[in-house]
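The values are calculated or read from the model by the stated rules, or taken from the named source; none is laboratory data. None of the values given here were measured: they were computed from a predicted structure. Note that each Cβ is placed from the backbone with ideal geometry, even for glycine, and that neighbours are counted across all protein chains shown. For accessibility, only protein heavy atoms count, side chains too; no ligands or nucleic acids. Shrake-Rupley method; radii C 1.70, N 1.55, O 1.52, S 1.80 Å.
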Amino acid sequence: MGGRVRRAAAAALLGLLLAGCATFPEQGPREWHEQLEGPGELGGPPVVPEPSPPPQTPPQPGQEGQGGEQQQPSGCEDPDPQVVATCLDPVGAIAVLPDAETALVGERRTGRVLRVKKDSDPELLATVPVDPSGGGGLTGLVLSPSFIEDQLVYVYITTPQDNRVVRLAANDPPEPVLTGIPRGATNNGGALAVGDDGSLLVATGDAGQTDPAPASLAGKLLRIDGQGRPAEGNPDPASPVLSSGLQAPGGICVDPTRGTAWVTDRRTGEDALHMVAPGPLPTPAWRWPDRPGVAGCAAQDGTVMVPQVGSESLFVIRSDPNNLFVGAPEQQLQGTYGRLSAAAIAPDGLVWLGTINKAGGEPVPSDDRVIRIQPPSAGGNSWQ
């Protein structure tokens with residue numbers, strides 16, 4: 001597939017929105033215990049052990065040529081059957097469309113929103129002006145909960161003045177929804193998800209502030225309606241703030257089976273995964289003291305998948321029906337596609353991932369790419 005980009009109307013995007021539901025338990029998250037590795041520091045949640053040899057992954061990514069040699073990308077042509085789109089700028093966010101065959105992809109540095117599909121050239125739907133400095137740019141993208149009727153898309157961006165949420169409609173300029181989220185020299189990135197009641201979940205970075213004020217929108221998990229107003233049921237009815245204490249969030253994901261929402265965060269001294277609950281962020285459900293660079297996340301059927309930039313892998317953890325960790329963590333796709341960033345679950349259960357190899361990595365000719373894979377099997381080191 002070439003790197004050509006065709007313009008297309010966003011009104012062509014029809015279908016049913018992937019259902020997602022988030023629950024916000026009044027008492028915060030349940031205690032989680034990793035059954036094999038033991039508790040973390042001070043009896044808290046588990047920490048990731050020292051890296052061990054990566055599991056052997058069946059050679060489903062890529063194709064083998066004569067003599068068993070792996071075929072390599074040639075320009076924007078990539079022989080890997082898992083690759084959906086090539087020759088993009090670093091991918092900031094992905095939202096899979098209701099047909100499960102196409103997706104919207106936001107490029108972090110350019111602000112372009114593209115429609116991608118296997119064996120088709122990307123189609124440019126919109127370009128949102130962004131400022132990518134300080135980890136910002138276009139870092140969040142989600143379909144409206146009533147997308148089938150309104151064809152709207154929400155985007156989290158950094159501008160020269162602030163971080164904000166904007167709404168995209170066909171043939172219209174971006175419309176501000178929530179503005180004035182502080183921006184700074186660092187930690188400008190944010191993320192978006194949709195709650196079961198149609199509210200928008202917005203994760204904001206702390207903009208480099210050590211301890212943002214309670215009234216500040218920096219370093220918070222916000223819950224708003226489609227017009228940017230505080231969603232009904234927030235701790236303070238007059239405030240969009242649902243939870244506080246984030247530093248540099250990488251993604252929000254909602255498990256449609258469990259009704260549990262998760263947020264990843266790159267914190268001072270560690271990376272972390274939190275279960276969403278009202279009030280101050282609870283103790284991390286999972287910690288990475290080695291700071292592998294957690295990015296987005298995707299969740300389904302009790303499995304949480306976290307793309308990692310530094311370790312160039314997909315980290316997978318599982319829980320039982322009581323939300324207790326079971327088994328050992330896994331690192332999938334290690335070194336296969338390079339620096340993984342955005343993640344999303346499609347309506348058919350497949351996992352979509354984006355790369356950011358042009359931003360500090362070692363890109364191949366077809367980078368940056370969007371990949372579509374089968375979810376990790378329940379049995380462990382294999383792909384269904």
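Among the residues making up the range 248-268, a single one is charged (D, E, K, R) and without any contact (Cβ under 8 Å) to a residue 24 or more places away in the chain: ARG267. Of the residues making up the range 315-342, those that are closer than 16 Å to ASP271 by Cα and polar (S, T, N, Q) number 2.
Would you pick out the residues in the range 283-302 that are open to solvent by 30 Å² or more (accessible area, probe 1.4 Å) and over 27 Å from VAL96 (Cα atoms)? If the condition is that a residue be open to solvent by 30 Å² or more (accessible area, probe 1.4 Å) and over 27 Å from VAL96 (Cα atoms), then THR283, ARG287, PRO289, ASP290, ARG291 are the ones that fit. The numbered conditions (1) touching a strand residue (DSSP E or B) at 6+ places or on another chain (Cβ under 6 Å); (2) surrounded by 20 or more Cβ atoms within 10 Å (Cβ to Cβ) are all true for THR86 except (1). In the set (1) in contact (Cβ under 8 Å) with a residue 40 or more places away in the chain; (2) at positive phi, the condition left unmet by GLY245 is number (1).
The residues of the range 283-299 that are assigned to a strand (DSSP E or B) and out of contact with any Gly (no Cβ under 7 Å at 6 or more places or on another chain), listed by number, are TRP286, TRP288, ALA298, ALA299.
Checking each residue in the range 225-247 for being buried (at least 24 other Cβ atoms within 10 Å of the Cβ) and part of a loop (DSSP other than H, G, I, E, B) picks out only LEU246. Scanning the range 146-168 for residues that are farther than 27 Å from ASN187 by Cα, open to solvent by 40 Å² or more (accessible area, probe 1.4 Å) and not polar (S, T, N, Q) returns ILE148, GLU149, ASP150. Taking the criterion of being open to solvent by 10 Å² or more (accessible area, probe 1.4 Å), out of contact with any Asp or Glu (no Cβ under 9 Å at 6 or more places or on another chain) and part of a loop (DSSP other than H, G, I, E, B), the residues of the range 257-282 that qualify are THR268, GLY269, PRO282.
When LEU143, LEU178, LEU192 are checked against the criterion of being under 15 Å from LEU97 (Cα atoms), among the aliphatic types (A, V, I, L, M) and either touching a residue at least 40 places away in the same chain (Cβ under 8 Å) or surrounded by fewer than 17 Cβ atoms within 10 Å (Cβ to Cβ) (or both), a single residue qualifies: LEU143.
Listed by position, the strands (runs of 3 or more DSSP E) enclosed by the range 76-131 that each have at least 2 residues that are closer than 17 Å to ILE356 by Cβ, in contact with a Lys or Arg (Cβ under 9 Å, 6 or more places away or on another chain) and aliphatic (A, V, I, L, M) are 83-85, 91-96, 102-107.
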